[in-house]
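Following: one structure in structure tokens, then a few remarks.
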Amino acid sequence: MKIKSIRRSVITNEDLFLFEQMQEGDTKALDLFFKKYYQKLCRFGVLFESNSHIIEEKVDDVFITLWSNRSQLNKIKNPKSYIYAILKNDLLRVKNNYQIRPLQNEDYLNSYSLYPSIEEEIIANEQKEINKNVIKNVLESIPKRTRQIFEMSRIDGFKYKEISELLDITPKTVENHIGLALRHISANVNKLK
């Protein structure tokens, strides 16, 4: 537990450092921040919009907003939550009649595939691909909202409280979704191998 909180602290400090550098006009800091959060924000955007083009446009807008308002970045204490909140608000504004629609584009899962760089790794990478497909199939069988909350927690590293604030649900609801996902995963992983 202590290692996890130290890791989050390091990430937060790294993000604050990048914000400081952006405030000073460092475009490399913006580029690093972009590379760190672009895919994660796109995955988060699926909660509010099914059109991947709109999501990508709004994620780009987040970074444009950061750069345009860089003189104010020293006021931000939690950069990660700040950019997720910007994206959420932008996507909610896009849709006056907000509804979560079924996920139509899951290319973001494919962006994590690894390709062998040398011949000795081919067998190991084939096994990784099989495992990735097993995990993908299990995740696809979990209810959408539960899967997205699980990904925010386990992949993006959000705390339950942060997820509850971003999604306007209680921390207990987040905990219930995570528990449901974990039970579903453990029950189904062996069936899909």
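Looking across K75, K35, K28, K80, one residue alone is under 15 Å from the mean Cα position of the chain (by Cα) and more than 24 Å from I149 (Cβ to Cβ). It is K35. Within segment 136-159, take every residue that is under 17 Å from K40 (Cβ atoms) and open to solvent by 40 Å² or more (accessible area, probe 1.4 Å) and give me the one that is nearest to the chain's Cα centre (by Cα). That would be I155. Every condition in (1) over 27 Å from E24 (Cα atoms); (2) of a type in the set (S, T, Y); (3) open to solvent by 70 Å² or more (accessible area, probe 1.4 Å); (4) modelled with pLDDT of 85 or more is met by S68 except one, and the failing one is (1). Residues in segment 38-54 that are over 21 Å from T146 (Cβ atoms) and not in a helix (DSSP H, G or I): N51 alone.
Checked against (1) within 19 Å of R154 (Cα to Cα); (2) open to solvent by 40 Å² or more (accessible area, probe 1.4 Å); (3) at pLDDT 85 or above, I6 passes all but condition (3). Residues that are in contact (Cβ under 8 Å) with a residue 24 or more places away in the chain and among the acidic types (D, E) were ranked within segment 23-64; the one that is least open to solvent (accessible area, probe 1.4 Å) is E49. If you go through segment 166-180 and keep only what is surrounded by fewer than 16 Cβ atoms within 10 Å (Cβ to Cβ) and over 16 Å from K144 (Cα atoms), you end up with D168, T170, P171, K172.
The values are calculated or read from the model by the stated rules, or taken from the named source; none is laboratory data. Everything numeric in this text was worked out from a predicted model, so none of it was measured. Here the Cβ is made from the backbone with ideal geometry for all residues, glycine too, and neighbour counts use every protein chain on show. Ligands, DNA and RNA are stripped out before the accessible areas are found, and what is left, the full protein with its side chains, is counted by its heavy atoms. Shrake-Rupley method; radii C 1.70, N 1.55, O 1.52, S 1.80 Å.
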